[in-house]
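Read the structure below first, then the notes.
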Amino acid sequence: MRTDGPERGTEGRPDAAALSALIDVLEDLIKVHDALIAAAERKRASLTAGEVPALEQAVAEEMALVRLAEQLEARRAEAVGRWAAATGRGNAAPRTLQDLIERLAPGEARTRLEGARAALRDRIARLRAANEINQALIAFSLSSIEALIKLYAGAGEGAGYAPPGREVPRDGGALFDGRA
């Protein structure tokens, strides 16, 4: 069992301060991911309703949240680096949150980190699922638009009916005459 992490009564230690900063950043990342999930849900609603202004607003909000998540990720990396320096690990900083958790002695900090890690993983999975649904909706919308464009432009084959015994002309003629 490793005992190089903070235990109760070590609040003044540099490694405890670094872990506290890391936990704060992880909690902020969880909040940002909650907001990203809400934005993805608003995006889905605006996609299904065909509300372009609402979609634009959700995308703009999402982009701002992604930039915030990137800043928090940089802060997370700094906090891990500070913890590694405070514990004498220097360049041997843990590469993942799980690696860091495994290096900690059982205690409140480890429990909080495990909880934050689980919550963040859950939010990431939920966000991934919401984004996959939105991606499928967008792909369907684009294919529908392409089909309509082909239909109106005449790229579709056999777009129409012919009298019995006659074949529909397939000369690429448009459904509507654009010269009118």
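The values are calculated or read from the model by the stated rules, or taken from the named source; none is laboratory data. As the structure is a computational prediction, the values presented were derived from the model and not from experiment. Note that each Cβ is placed from the backbone with ideal geometry, even for glycine, and that neighbours are counted across all protein chains shown.
Scanning segment 128-180 for residues that are modelled with pLDDT of 70 or more and among the charged types (D, E, K, R) yields Arg128, Glu132, Glu146, Lys150, Arg166. For segment 90-148, filtered to residues that are among the aliphatic types (A, V, I, L, M) and in a loop (DSSP other than H, G, I, E, B), the residue that is nearest to the chain's Cα centre (by Cα) is Ala93. Considered as a group, the residues in segment 1-47 that are out of contact with any Gly (no Cβ under 9 Å at 6 or more places or on another chain) and of a type in the set (Lys, Arg) include one that is modelled with the lowest pLDDT, and that residue is Arg2. Restricting to segment 57-79, name every residue that is of a type outside the set (A, V, I, L, M) and at pLDDT 95 or above. Across segment 57-79, the qualifying residues are Gln57, Glu61, Glu62, Arg67, Glu70, Gln71.
Only one of the numbered conditions (1) under 19 Å from Ala74 (Cβ atoms); (2) exposed (fewer than 14 other Cβ atoms within 10 Å of the Cβ) is not met by Ala116, and that is (2). Just so you know, in segment 70-128 the residues that are free of Cβ contacts under 8 Å to residues at least 12 places away in the same chain and hydroxyl-bearing (Ser, Thr, Tyr) include one that is farthest from Arg13 (Cα to Cα), and it is Thr96.
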